[in-house]
Amino acid sequence: MELKPNLLFSFFFSIFLIATTCASVSGILVHTFNQLGNGKVLNVHCTLDLSTDMGAHDIPDSGSYEWSFSQEGENGSLLECDASTKGAANVLHFAGYLKSRDACTSNCDWRFTDKGVFRLVDGQWRFHFSWP
């Protein structure tokens, strides 16, 4: 079977487009674990790139939630979050993901405990913030 030059070109061009699109977009998952204990519910509300509301989520004690988004160019480079417990006056404002800071290329993990907020870095939970 003889392929026509235009058909062959279209085929290889399509493969090229698919490959470059997949290479330029990386999926980021930001996991938030509530380990506050005593039945405390953690409320986390995040915004992507200062414009896309990712919603507020109540995470039960011993529960978790994950945000997922694609990173394309400068889009998806900042996930800003506010965290608090039900009825608390203090709110912790933090960058759940910051492209220039985070080495995580797909999974970025946060753990909220009564001792503070920890971020998983190189396989180790590292203290990041005091809990308000």
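Nothing in this text is a laboratory measurement; each read-out follows from the coordinates by a stated rule. Owing to the predicted nature of the structure, the values given are computational and were not obtained by experimental measurement. Virtual Cβ from ideal backbone geometry, glycine too; neighbours counted across all protein chains shown.
Laid out as a table, the results:
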{"quantity": "FRET efficiency, residue 77 to residue 45 (Cβ-Cβ, R0 25 Å, nearest 0.05)", "calculated": "0.85"}
{"quantity": "Ranked list, fewest to most other Cβ atoms within 10 Å of each Cβ, for 110, 125", "calculated": "125, 110"}
{"quantity": "Likely footprinting exposure, 59, 28, fewest C-beta neighbours within 10 Å first", "calculated": "59, 28"}
